[in-house]
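Okay, handing you the structure first.
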Amino acid sequence: MTDPQLSSLFADGTAPDHDPAFTAQVAAEIGRARLRTRLLALALQAAMVLTLAGALFVAGRLIEPALVQLAPLVEQSPQFMGVPVPLVLGALLVGLALRARRRLRLRPV
């Protein structure tokens, strides 16, 4: 090493942030950590959707006998634009529940 190189080495120091390989390694680790966090968030959302779908399937199977008995009541209920009012109210409730879910959802990382 020449004298100017040695003097710049002692002036700048040998801190790891001056090492390009170290900087690249740290940047790669940060990128992997962010990717893992994003994948975990997606996996949690997928698990939530699958759990909800399973719960709705089981609930549908459990209430099917009751729905068969309620079918004549729904057919005789008043209609709104050709659709029974209980179905309209059910659709409104589902829409409000989905809207509330979107408003209460946590921001992704």
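The values are calculated or read from the model by the stated rules, or taken from the named source; none is laboratory data. Here the structure is a predicted model, which is why all the values come from computation and not from measurement. Positions of Cβ are backbone-derived with ideal geometry, glycine not excepted, and every protein chain shown enters the neighbour counts.
Do the conditions hold for residue 88, that is, is it at pLDDT 85 or above, hydrophobic (A, V, I, L, M, F, W, C), in a helix (DSSP H, G or I) and within 30 Å of residue 34 (Cβ to Cβ)?
no
Sticking with this structure for a sec: Looking at (1) modelled with pLDDT of 80 or more; (2) exposed (fewer than 10 other Cβ atoms within 10 Å of the Cβ), which is the one condition that is false for residue 93?
That leaves (2) as the condition not met.
Shifting gears a bit: So how many residues does segment 69-85 have that are surrounded by 11 or more Cβ atoms within 10 Å (Cβ to Cβ) and outside any helix (DSSP H, G or I)?
4
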